[in-house]
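Working notes, structure below.
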Amino acid sequence: MATPVVQDNRPRKTQFTFDEAVDVWLRRWSGQYHHEIAAAYVINWGRVSDVLNEQTHVGSKEEAARRIGRTA
């Protein structure tokens, strides 16, 4: 007998906090792809792209660079 389909009603993230945006930069620099970062946060990969294109959370790139001693 097949397993019944159960609806997942957990809320999903729709945006990043500033600290999460900093983490997005750190993850990207460590080699993770957009879709892998998005999956870790259960968020649309377009929001990851927004951070990496500096459309949202401007300054998060510089803060990430500061945290690891790298020039942005």
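The values are calculated or read from the model by the stated rules, or taken from the named source; none is laboratory data. In this text, all values refer to a predicted model and were calculated from it rather than measured experimentally. Reconstructed Cβ throughout: ideal geometry from the backbone, glycine too, with neighbour counts over all protein chains shown. Note: areas computed on protein heavy atoms with side chains; ligands, DNA, RNA excluded. Shrake-Rupley method; radii C 1.70, N 1.55, O 1.52, S 1.80 Å.
For V5, the solvent-accessible surface with a 1.4 Å probe is about 140 Å², rounded to the nearest 10.
Computed from Cα atoms alone, the Kirkwood hydrodynamic radius reported for the range 1-62 is 12.6 Å. Each of V58 and A2 was given a label point 7 Å from its Cα along the Cα-to-Cβ line. The distance between the two points is 5.1 nm.
Residues D19, D50, sorted by accessible area with the largest first, give D19, D50 [1.4 Å probe; ligands and nucleic acids excluded]. Restricting the trypsin sites (Lys or Arg not before Pro) of the range 25-72 to loop positions (DSSP other than H, G, I, E, B) with no more than 14 neighbouring Cβ atoms within 10 Å leaves R70.
For the chain, what is the accessible area per residue in Å² when the probe is 1.4 Å?
Numbers: 5220 Å² over 72 residues.
Here the residues of the chain average 73 Å² of exposed surface.
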